[in-house]
Amino acid sequence: MNGENALSKEEIRKADYIYMVTGKVMVISLNAELDHHLAEEMRGVVDEIIDKRGVCNIVFDFSRIRFMDSAGIGLLIGRYKLAKMLGGITEIKN
């Protein structure tokens with residue numbers, strides 16, 4: 001039963017963001033508040049995808065975001081610096 005609960009929690013946390021990679025472009029759509037919990041998880045995932053897939057450009061979709069704390073801002077600044085070295089970064093707003 002504990003394994004099922006852990007799997008369910010992991011699936012729910014992954015629902016907080018969706019990413020798609022097409023060629024060298026990674027699009028990240030955020031579906032939840034970008035707080036320290038989500039930023040910590042995303043940092044590792046995004047960096048791994050950039051490294052393994054050769055991503056040079058990152059697009060952040062903030063259209064569903066209503067809150068971001070300092071850890072979220074730190075995640076963005078860190079990925080901005082990385083993407084700037086590799087290619088570019090773009091923001092989508094409503």
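The values are calculated or read from the model by the stated rules, or taken from the named source; none is laboratory data. Quick caveat, the model's predicted, so the values are computed rather than measured. In this analysis, Cβ positions are derived from the backbone assuming ideal geometry, glycine residues included, and neighbour counts consider all displayed protein chains.
Taking the criterion of being surrounded by fewer than 17 Cβ atoms within 10 Å (Cβ to Cβ), in contact with a Leu (Cβ under 6 Å, 6 or more places away or on another chain) and part of a helix (DSSP H, G or I), no residue of segment 49-88 qualifies. When segment 15-48 is filtered for residues that are part of a helix (DSSP H, G or I) and over 10 Å from the mean Cα position of the chain (by Cα), the ones remaining, listed by number, are H36, H37, E48. Of all residues in segment 1-28, those that are under 17 Å from V45 (Cβ atoms) have Cβ atoms under 9 Å from Cβ atoms of residues that are aliphatic (A, V, I, L, M) and modelled with pLDDT under 75, 6 or more apart or on another chain, in V27/I92.
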